[in-house]
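Trainee: Just dropping this structure here.
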There are 2 protein chains.
Amino acid sequence: MAVQTVESSTSNPTVDLGPAAALSCRECGHRVPLGPVFACEECFGPLEIAYDFSAYDAEELRKRIEAGPSNIWRYAPLLPVPADVADKPNLNPGWTKLVKADHLARELGVEPGKLFVKDDSGNPTHSFKDRVVAQALEAARAFGFTTLSCSSTGNLAGAVGAAAARAGLRSCVFIPHDLEQGKVVMAAVYGGELVGIEGNYDDVNRFCSELIGDPAGEGWGFVNVNLRPYYAEGSKTLAYEICEQLGWRLPDQIVVPIASGSQLTKIDKGLQELIKLGLVEDKPYKIFGAQAEGCSPVSTAFKAGHDVVRPQKPNTIAKSLAIGNPADGPYVLDIARRTGGFVEDVTDEQVVDAIKVLARTEGIFAETAGGVTVGVTRKLIENGVLDPSLTTVVLNTGDGLKTLDAVAGTGLTATIRPSLESFRAAGLA
Amino acid sequence: MAVQTVESSTSNPTVDLGPAAALSCRECGHRVPLGPVFACEECFGPLEIAYDFSAYDAEELRKRIEAGPSNIWRYAPLLPVPADVADKPNLNPGWTKLVKADHLARELGVEPGKLFVKDDSGNPTHSFKDRVVAQALEAARAFGFTTLSCSSTGNLAGAVGAAAARAGLRSCVFIPHDLEQGKVVMAAVYGGELVGIEGNYDDVNRFCSELIGDPAGEGWGFVNVNLRPYYAEGSKTLAYEICEQLGWRLPDQIVVPIASGSQLTKIDKGLQELIKLGLVEDKPYKIFGAQAEGCSPVSTAFKAGHDVVRPQKPNTIAKSLAIGNPADGPYVLDIARRTGGFVEDVTDEQVVDAIKVLARTEGIFAETAGGVTVGVTRKLIENGVLDPSLTTVVLNTGDGLKTLDAVAGTGLTATIRPSLESFRAAGLA
């Protein structure tokens with residue numbers, strides 16, 4: 001992937017992204033002004049947002065948040081967005097339901113009242129991607145980009161297309177040319193450019209990096225490439241919402257799916273911020289990572305005690321998690337170990353079973369990624385790794401309507417003639 | 001359909017459904033106690049809920065609502081549900097986004113800031129059906145029913161299955177046996193009984209009515225049959241939310257899809273209640289009904305100046321609106337005429353075009369029913385019937401992911417090789 005750098009300086013006065021003060025290298029700490037860059041000019045490490053929260057008073061901040069809108073912008077003071085973000089046209093994602101899942105708790109052997117599902121299928125395009133794209137959109141506006149772009153094989157394409165449409169920006173999304181027709185339709189309906197690349201997903205990514213370095217890509221914001229530092233921060237809002245919805249309390253345990261690993265690391269960042277800001281009591285919490293066995297580079301490394309993640313070739317129905325070489329894998333290992341968590345994986349069969357269990361017990365129809373987290377939660381409880389007496393939050397990051405194939409075997413429980421006799425004979429009374 | 005009646009009396013002290021005082025016949029005004037009945041014993045007219053709102057003070061009520069949860073239960077004081085409804089496991093639908101649709105406004109020639117889309121795809125199972133089923137669920141609990149049931153060909157099946165799962169009730173949903181596999185999966189995943197009936201939708205309905213009158217159906221609540229008076233009230237919440245989200249103001253114009261016509265009549269009921277309670281200023285508003293040309297019995301009657309609706313055999317892609325003999329048709333005609341509105345229809349081609357326009361301008365991917373309302377809005381403006389200078393709310397009642405076939409023609413805008421040369425040649429830069 002092409003690496004872009006900028007000259008270091010202390011600030012960029014033309015960019016208003018609220019409390020975002022600079023970009024800071026996660027590896028070496030080198031700081032550069034806010035800009036559309038993602039890799040450190042010194043060490044090529046990933047850049048992330050550094051904030052100035054120094055002016056905040058905990059009690060005032062809490063009140064301000066609680067008086068805010070029913071979406072992620074209630075947390076605008078903690079995000080790389082301008083203060084007036086809620087007034088601009090955007091999809092206003094977030095503030096999704098935290099469901100007290102007592103029936104699922106009974107099924108998994110968790111104490112009643114202790115298990116919650118954070119259901120991000122309630123977002124505008126029905127996945128957590130709306131949270132991250134909304135941040136990238138603000139960065140794109142701040143940097144004067146006119147085209148919002150990404151490489152994608154699924155959820156992200158729709159999220160970018162929809163966000164650009166609402167904002168009145170052009171969008172151009174790159175996908176492998178032979179993607180399933182259903183997924184193409186879900187992305188194409190928003191009317192942006194949808195370009196099929198003759199090649200696989202790696203080819204698509206390589207081409208996007210080339211385009212960023214070329215004059216042809218001028219004015220293009222790739223949400224998950226040159227806008228990645230901003231984009232990634234959107235996952236912090238999951239941490240904020242969970243704590244606020246628990247009554248400004250940290251959960252004891254949280255189960256997060258791993259694709260690139262970015263979501264898990266940003267949830268940890270969000271929880272740490274709430275502690276430092278005094279919005280929640282400082283107490284231990286454990287973060288658990290969840291993968292599908294068919295793409296389990298991080299859980300494999302975790303169980304082997306390794307610090308590095310060996311890439312795998314994905315082969316799982318959990319397509320939205322199928323990143324064989326997860327960029328944030330080492331950070332995920334750090335966090336799981338530091339917090340006393342674990343990284344586990346489940347088979348595709350267990351994923352399907354978990355989707356059905358969640359739907360049957362709580363009426364939540366999850367994407368395969370939700371089957372992964374629920375399945376892993378069950379496995380961690382059975383293995384004695386996750387404590388069923390503590391407050392536990394399981395993430396569902398997407399919607400079952402997008403991965404219908406996973407449960408295609410589900411069907412009629414009976415077929416009868418339209419008569420009471422036939423009804424009784426079927427044993428349904 | 002079998003008609004059930006109960007002995008009339010003044011009250012039913014064992015049933016706590018909050019402010020719901022009795023059932024009242026819409027035709028003759030005859031009152032009966034709250035119970036699982038839907039037709040008047042005197043004249044066979046439809047029963048609806050009569051409330052006792054006499055104790056409410058406008059200012060106190062408004063504050064109580066605003067302090068309530070971010071779902072329909074903020075309006076519990078105005079619904080046939082017990083006061084503690086929010087504490088029980090249910091899907092907590094509602095409080096969906098009212099989107100200021102400035103790009104769509106520009107496209108349709110509406111004054112900026114005046115056009116809004118009420119986007120009910122944000123509900124838990126992604127259609128407005130969650131609102132009505134949630135009311136039926138509370139009635140089922142109040143009457144001691146243990147099975148939640150319905151006849152359905154789509155959205156309702158999923159809404160009932162999910163609601164029953166969350167509540168811990170059994171569900172049994174009846175559908176035509178030859179429904180498309182995708183729709184079967186969406187309904188079956190919640191794990192309830194899903195029974196295919198050898199016959200068409202009329203056969204399914206006839207069978208359900210038989211079952212209600214038979215001992216085999218004892219303890220069964222059919223949300224859209226014997227619980228219909230409760231169920232229908234859920235649509236009032238659309239009116240409440242729209243007004244509250246407009247800052248406790250009535251919209252000037254509102255465009256509502258017509259299937260049975262129940263939603264439109266209950267929205268009018270909700271607006272009237274807000275006026276009478278003093279929560280909004282009393283001023284004129286116009287209600288417009290929207291149908292697909294392939295199932296347009298109400299718009300046909302409206303334009304012909306008839307008071308009765310002649311049944312049609314539906315033939316449209318807007319399946320969720322395809323009720324050829326709409327029970328509330330005459331009431332819809334009354335309301336459209338009384339308020340100075342209109343009932344219009346659009347072709348399937350215009351429906352598809354409107355789905356694309358809404359997605360392209362606002363990033364909202366609507367079900368075919370949403371294409372009907374947006375398409376009709378455009379037509380009403382073009383014909384000078386709807387005033388583009390007034391505040392207008394258009395309903396989107398469902399999610400495009402459930403009717404992907406309607407836009408199946410949408411696809412890639414270009415296919416290129418993974419090279420800048422190929423990119424430039426495609427004219428995408």
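Trainee: Going through the stretch A:363-384 one residue at a time, which ones are in contact with a helix residue (DSSP H, G or I) (Cβ under 8 Å, 6 or more places away or on another chain), outside any helix (DSSP H, G or I) and more than 19 Å from A:His103 (Cβ to Cβ)?
Mentor: Hit for the stretch A:363-384 is A:Glu367, nothing else.
Trainee: Continuing with this model, one more query. Can you name every residue in the stretch A:42-73 that is buried (at least 21 other Cβ atoms within 10 Å of the Cβ), in contact (Cβ under 8 Å) with a residue 40 or more places away in the chain and within 24 Å of A:Ser121 (Cα to Cα)?
Mentor: A:Ile72 - this is the single residue of the stretch A:42-73 that is buried (at least 21 other Cβ atoms within 10 Å of the Cβ), in contact (Cβ under 8 Å) with a residue 40 or more places away in the chain and within 24 Å of A:Ser121 (Cα to Cα).
Trainee: Give me the pairs: first residue in the stretch B:273-289 and in a strand (DSSP E or B), second residue among the acidic types (Asp, Glu), beta-carbon distance under 8 Å, and six or more apart or on different chains, which are they?
Mentor: Once the first residue is in a strand (DSSP E or B) and sits in the stretch B:273-289, its partners that are among the acidic types (Asp, Glu) give B:Lys286/B:Asp252; B:Ile287/B:Asp268; B:Phe288/B:Glu344; B:Gly289/B:Glu344.
Trainee: From A:Ile197, A:Ile175, grab the single residue that is more than 23 Å from A:Thr125 (Cα to Cα) and buried (at least 20 other Cβ atoms within 10 Å of the Cβ).
Mentor: It is A:Ile197.
Trainee: Going by the structure shown, is A:Gly427 in contact with a helix residue (DSSP H, G or I) (Cβ under 9 Å, 6 or more places away or on another chain), outside any helix (DSSP H, G or I), more than 7 Å from chain B (Cβ to nearest Cβ) and within 20 Å of B:Val173 (Cα to Cα)?
Mentor: Criteria not met by A:Gly427.
Trainee: Exactly one of (1) under 13 Å from the mean Cα position of the chain (by Cα); (2) within 14 Å of chain A (Cβ to nearest Cβ) is unmet by B:Ser262. Its number?
Mentor: Condition not satisfied by B:Ser262: (2).
Trainee: Counting only residues that are surrounded by fewer than 24 Cβ atoms within 10 Å (Cβ to Cβ) and either in a helix (DSSP H, G or I) or at pLDDT below 90 (or both), how many does the stretch A:178-191 have?
Mentor: Residues in the stretch A:178-191 being surrounded by fewer than 24 Cβ atoms within 10 Å (Cβ to Cβ) and either in a helix (DSSP H, G or I) or at pLDDT below 90 (or both): 8 in total.
Trainee: Same structure, new question: State all residues of the stretch B:389-401 that are part of a loop (DSSP other than H, G, I, E, B) and buried (at least 18 other Cβ atoms within 10 Å of the Cβ); if no residue qualifies, say none.
Mentor: B:Thr391, B:Thr397
Trainee: Follow-up. Run B:Leu404 past the list (1) surrounded by fewer than 23 Cβ atoms within 10 Å (Cβ to Cβ); (2) over 21 Å from the mean Cα position of the chain (by Cα) and report the number of the one that doesn't hold.
Mentor: Of (1) surrounded by fewer than 23 Cβ atoms within 10 Å (Cβ to Cβ); (2) over 21 Å from the mean Cα position of the chain (by Cα), only one is false for B:Leu404: (2).
Trainee: Now, a different point. Quick one: would you say A:Glu218 is under 25 Å from A:Leu23 (Cα atoms) and within 14 Å of chain B (Cβ to nearest Cβ)?
Mentor: yes
Trainee: Please find, among A:Gly340, A:Gly427, the residue that is surrounded by fewer than 24 Cβ atoms within 10 Å (Cβ to Cβ), in contact (Cβ under 8 Å) with a residue 24 or more places away in the chain, at positive phi and of a type outside the set (Ser, Thr, Tyr).
Mentor: A:Gly340
Trainee: Which residue is farthest from B:Val99 (Cα to Cα), if the candidates are limited to the stretch A:164-211 and must be facing another protein chain (nearest Cβ under 7 Å) and among the aromatic types (Phe, Trp, Tyr)?
Mentor: Among those that are facing another protein chain (nearest Cβ under 7 Å) and among the aromatic types (Phe, Trp, Tyr), it is A:Phe207.
Trainee: Has the stretch B:268-288 got any residue that is surrounded by 23 or more Cβ atoms within 10 Å (Cβ to Cβ), under 17 Å from the mean Cα position of the chain (by Cα) and farther than 30 Å from B:Ala58 by Cβ?
Mentor: No, that holds for no residue.
Trainee: Could you grab me the full set of residues in the stretch B:182-219 that are touching a helix residue (DSSP H, G or I) at 6+ places or on another chain (Cβ under 7 Å) and not β-branched (Val, Ile, Thr)?
Mentor: Residues satisfying the conditions are B:Gly182, B:Met186, B:Ala187, B:Tyr190, B:Gly191, B:Gly192, B:Leu194, B:Glu210, B:Leu211, B:Asp214, B:Ala216, B:Gly217.
Trainee: Counting only residues that are of a type in the set (Asp, Glu) and in contact with a Leu (Cβ under 7 Å, 6 or more places away or on another chain), which one in the stretch A:343-372 is surrounded by the fewest Cβ atoms within 10 Å (Cβ to Cβ)?
Mentor: Ranking the candidates gives A:Glu344 first.
Trainee: Before we move on, is B:Glu107 farther than 18 Å from B:Lys356 by Cα and assigned by TED's automatic domain parsing to the domain that holds B:Gly371?
Mentor: So B:Glu107 fails the test.
Trainee: Answer yes if at least one residue in the stretch B:127-138 is at the interface with another protein chain (Cβ under 7 Å from one of its Cβ atoms) and either assigned to a helix (DSSP H, G or I) or touching an Asp or Glu at 6+ places or on another chain (Cβ under 7 Å) (or both), and no otherwise.
Mentor: For the stretch B:127-138, residues at the interface with another protein chain (Cβ under 7 Å from one of its Cβ atoms) and either assigned to a helix (DSSP H, G or I) or touching an Asp or Glu at 6+ places or on another chain (Cβ under 7 Å) (or both): absent.
Trainee: If we scan the stretch A:114-121, do we find a residue that is within 29 Å of A:Gly247 (Cα to Cα) and in a loop (DSSP other than H, G, I, E, B)?
Mentor: yes
Trainee: When you go through B:Thr339, B:Thr361, B:Thr373, B:Thr392 one by one, which is the residue that is within 14 Å of chain A (Cβ to nearest Cβ) and of a type in the set (Ser, Thr, Tyr)?
Mentor: Going through B:Thr339, B:Thr361, B:Thr373, B:Thr392 in turn, the sole match is B:Thr361.
Trainee: Continuing with the same structure: Out of all the residues in the stretch A:109-134, which are more than 29 Å from A:Glu233 (Cβ to Cβ) and either surrounded by fewer than 22 Cβ atoms within 10 Å (Cβ to Cβ) or among the polar types (S, T, N, Q) (or both)?
Mentor: Scanning the stretch A:109-134 gives A:Gly109, A:Glu111, A:Pro112, A:Gly113, A:Lys114.
Trainee: Checking A:Cys150 against (1) buried (at least 24 other Cβ atoms within 10 Å of the Cβ); (2) touching a Phe, Trp or Tyr at 6+ places or on another chain (Cβ under 8 Å); (3) facing another protein chain (nearest Cβ under 9 Å): exactly one of these is not met. Which one?
Mentor: (3) is the only condition that A:Cys150 fails.
Trainee: For the stretch A:400-422, give me each residue that is touching a residue at least 60 places away in the same chain (Cβ under 8 Å) and either charged (D, E, K, R) or touching a Ser or Thr at 6+ places or on another chain (Cβ under 7 Å) (or both).
Mentor: A:Lys402, A:Thr403, A:Asp405, A:Ala406
Trainee: Assess whether A:Leu17 counts as being part of a strand (DSSP E or B) and modelled with pLDDT of 90 or more.
Mentor: Against the criterion (part of a strand (DSSP E or B) and modelled with pLDDT of 90 or more), A:Leu17 does not qualify.
Trainee: Which residues, counting only those in the stretch A:82-103, are facing chain B (nearest Cβ under 10 Å) and closer than 21 Å to A:Leu358 by Cα?
Mentor: Within the stretch A:82-103, A:Trp95, A:Thr96, A:Lys97, A:Val99, A:Lys100, A:Ala101, A:Asp102, A:His103 meet the criteria.
Trainee: Please determine, by comparing only the residues of the stretch B:398-424 that are touching a strand residue (DSSP E or B) at 6+ places or on another chain (Cβ under 6 Å) and more than 7 Å from every other protein chain (Cβ to nearest Cβ), which one is nearest to A:Ile197 (Cα to Cα).
Mentor: B:Ser422
Trainee: Okay, next question. Just to be sure I understand, how many residues within the stretch B:312-362 are among the polar types (S, T, N, Q), farther than 15 Å from B:Gly261 by Cα and part of a helix (DSSP H, G or I)?
Mentor: 3
Trainee: Next question. Tell me whether the stretch B:119-126 contains one or more residues that are closer than 20 Å to B:Gln263 by Cα and more than 10 Å from chain A (Cβ to nearest Cβ).
Mentor: Checked against the condition, which is being closer than 20 Å to B:Gln263 by Cα and more than 10 Å from chain A (Cβ to nearest Cβ), the stretch B:119-126 yields at least one hit.
The values are calculated or read from the model by the stated rules, or taken from the named source; none is laboratory data. Computed from a predicted model, the values in this text were never measured in an experiment. Cβ sites come from the backbone with ideal geometry, for glycine too, and all protein chains shown count toward neighbours.
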